Ligand SMILES: [Zn+2]
C-alpha cells in the first residue's frame, strides 16, 4: 500500500457508542484502524472534527436532528445509544474533510461509524443516523467548491437515503450496485439521475465486475469533478448479513478500477460486518493507491 497522497480520517472515538449484540459494533473501525496503523506511517492518519449542526440541518429535517441529539430509539436496527450523537457528528465531519482533501488531489478515506447511506433527509434507519455522504457533498455544492459530483455506492445494500437526497438534483449522479432482494427493498430500477444495478444473491466476481464496468461508464459520461464512493464491504463472501460472494482479492481490483477512472475521489466506510474487515480495507486501499 502506498502512503503517497493517502489520507485516512479516523479516531478511537468511533468506538463512542455500542449496542450489545448489534452487528455494527465498535471493533469494525477500531480493529481496522489498528491494522492500518501497523502498515502505514503516522503522517497518513488524521483525527476528524465534528461537523457543524448547520451543515447537518442543510440536509436533514429538524425532527431527525433532534432525535439523534436526544439519542432516542428509532427502530431495532437504529436503536440510538449513548454517544451516538457525537459519533454521528464526527462521522459526517470526517466525510466532509475527506471530500475536501480529494479536491486537493489526495486519496482520502473516512474510516468512521456510524455509516450513513440509508439515512434519508427525513428518516434515520438501517444503522444510519445522519447521511455523511449527503452532508459532505451538499456542503461542497452549496459553497461552490464542486459543480458536479458522482456518488458511487458499492455497499451490498441500496443506499436509499443517498438516493433520496440526490434524486432530481442535476448537480449529482447517484449510481449503486447492490443485492436485490435485500434490505431496504429499494433500488430495483433507475430513476432520473439515480442509476441502480440490482444484482441477485450469490453474485460473484464474474457478474459483479461487468456490472461495475457498466456503472463506471455512466459516471464517465456524467463527467463529474469529484466522485464520492460509499464503500461497503458487506459484498464479501463471509459477510453475515448478505449473500454476495466477493473474495478478499476482489477488493484490490475494485480499488484499482476506481483509480483507473482518474477522477478526484474520496471514500467513506459504509457497511461490512465480517471480522476480516481490516484486511478487506487494506486490499481496497492497496488497489486504490498502487
Ligand atoms: Zn450494507
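The values are calculated or read from the model by the stated rules, or taken from the named source; none is laboratory data. Here the structure is a predicted model, which is why all the values come from computation and not from measurement. Every residue, glycine among them, receives a Cβ derived from its backbone with ideal geometry; neighbour counts consider all protein chains shown.
For this structure, a couple of remarks:
- Filtered residues of region 244-290 (kept if within 17 Å of residue 10 (Cβ to Cβ) and surrounded by fewer than 16 Cβ atoms within 10 Å (Cβ to Cβ)): none
- Verdict on residue 56 being in a loop (DSSP other than H, G, I, E, B) and surrounded by 13 or more Cβ atoms within 10 Å (Cβ to Cβ): no
- Every residue from region 201-212 that is assigned to a helix (DSSP H, G or I) and touching a residue at least 40 places away in the same chain (Cβ under 8 Å): 205, 208, 209, 212
- Residues of region 209-232 that are within 15 Å of the ligand (Cβ to nearest atom) and in contact with a helix residue (DSSP H, G or I) (Cβ under 8 Å, 6 or more places away or on another chain): 229, 230, 231.
- Every residue from region 33-48 that is farther than 11 Å from residue 12 by Cα and part of a helix (DSSP H, G or I): 35, 36, 37, 38, 39, 42, 43, 44
- Taken as a whole, the condition of being outside any helix (DSSP H, G or I) and in contact (Cβ under 8 Å) with a residue 24 or more places away in the chain does not apply to residue 68.
- In region 160-180, the residues that are part of a loop (DSSP other than H, G, I, E, B) and either within 14 Å of the ligand (Cβ to nearest atom) or in contact with a strand residue (DSSP E or B) (Cβ under 8 Å, 6 or more places away or on another chain) (or both): 167, 171, 180
- The residue that is nearest to the ligand (Cβ to nearest atom), counting only those in region 127-158 that are touching a helix residue (DSSP H, G or I) at 6+ places or on another chain (Cβ under 8 Å) and assigned to a loop (DSSP other than H, G, I, E, B), is 154.
- Residues located in region 252-274, provided they are assigned to a helix (DSSP H, G or I), in contact (Cβ under 8 Å) with a residue 12 or more places away in the chain and away from the ligand (no atom under 16 Å from the Cβ): 252, 253, 255, 256, 257, 258, 259
- Residue within region 84-92 that is over 28 Å from residue 288 (Cα atoms) and either within 16 Å of the chain's Cα centre (by Cα) or assigned to a loop (DSSP other than H, G, I, E, B) (or both) present: no
- Qualifying positions in region 217-243 - surrounded by 15 or more Cβ atoms within 10 Å (Cβ to Cβ) and assigned to a helix (DSSP H, G or I): 218, 219, 222
- Region 111-126, residues that are part of a strand (DSSP E or B) and either within 16 Å of the ligand (Cβ to nearest atom) or at positive phi (or both): 120, 125
Table: residues versus (1) buried (at least 22 other Cβ atoms within 10 Å of the Cβ); (2) touching a residue at least 24 places away in the same chain (Cβ under 8 Å); (3) within 16 Å of the ligand (Cβ to nearest atom).
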{"residue": "51", "(1), (2), (3)": "yes, yes, no"}
{"residue": "61", "(1), (2), (3)": "no, yes, no"}
{"residue": "91", "(1), (2), (3)": "yes, yes, yes"}
{"residue": "95", "(1), (2), (3)": "yes, yes, no"}
{"residue": "107", "(1), (2), (3)": "yes, yes, no"}
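- Options 235, 286, 186; residue that is more than 21 Å from residue 27 (Cβ to Cβ), at pLDDT 95 or above and within 16 Å of the ligand (Cβ to nearest atom): 186
- Evaluation of residue 192 against (1) at negative phi; (2) surrounded by fewer than 24 Cβ atoms within 10 Å (Cβ to Cβ) (one fails), failing number: (1)
- Test: residue 277 is touching a residue at least 12 places away in the same chain (Cβ under 8 Å) and more than 15 Å from the ligand (Cβ to nearest atom): no
- For region 110-127, taking the residues that are in contact with a strand residue (DSSP E or B) (Cβ under 7 Å, 6 or more places away or on another chain) and without any contact (Cβ under 8 Å) to a residue 60 or more places away in the chain, the one that is nearest to residue 225 (Cα to Cα) is identified as 119.
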